[in-house]
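The values are calculated or read from the model by the stated rules, or taken from the named source; none is laboratory data. Just so we're clear, the structure is a prediction, and the values are computed from it rather than from any experiment. Every residue, glycine among them, receives a Cβ derived from its backbone with ideal geometry; neighbour counts consider all protein chains shown.
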Amino acid sequence: MKKHTLIYLRHFHYSLDEFMPCEVCGNRAVDVHHIEARGMGGTSAKDEIDNLMGLCRECHIHFGDKKQYLDYLKETHKKFLNDYRQGISGNRIENGDIF
């Protein structure tokens, strides 16, 4: 298992077989995405919870590694973290049609 995936799972207390929601749409997340890419060769400095978000495959393909969505992903993740810290859970869809 990749280091950043383990960091994410441990932070939110998810087990490997547990449902993990996509932070954008609420479907099952299958990828842990670096909001700000580590780049080729990368650095472990980006493997921090503030830079990691769970995404379903569709959202990862649509939003991941695209500069025009960077601010959106940062704000969505910030809200997800705040909700988690306040004990709120549930789907992340806020406007119905995210695409």
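Test F12 against the criterion of being surrounded by 14 or more Cβ atoms within 10 Å (Cβ to Cβ) and either modelled with pLDDT of 95 or more or on the phi < 0 side of the Ramachandran plot (or both), and give yes or no. Spelling it out, F12 is indeed surrounded by 14 or more Cβ atoms within 10 Å (Cβ to Cβ) and either modelled with pLDDT of 95 or more or on the phi < 0 side of the Ramachandran plot (or both). Checked against (1) within 24 Å of R10 (Cβ to Cβ); (2) surrounded by 14 or more Cβ atoms within 10 Å (Cβ to Cβ); (3) modelled with pLDDT under 90, R85 passes all but a single condition, namely (2).
In the condition set (1) in contact with a His (Cβ under 8 Å, 6 or more places away or on another chain); (2) at pLDDT 95 or above, R28 is compliant with all but (1).
Looking across the stretch 35-73, the residues that are under 21 Å from Y84 (Cα atoms), at pLDDT 95 or above and either assigned to a strand (DSSP E or B) or among the basic types (K, R) (or both) come down to L52, M53, G54, L55.
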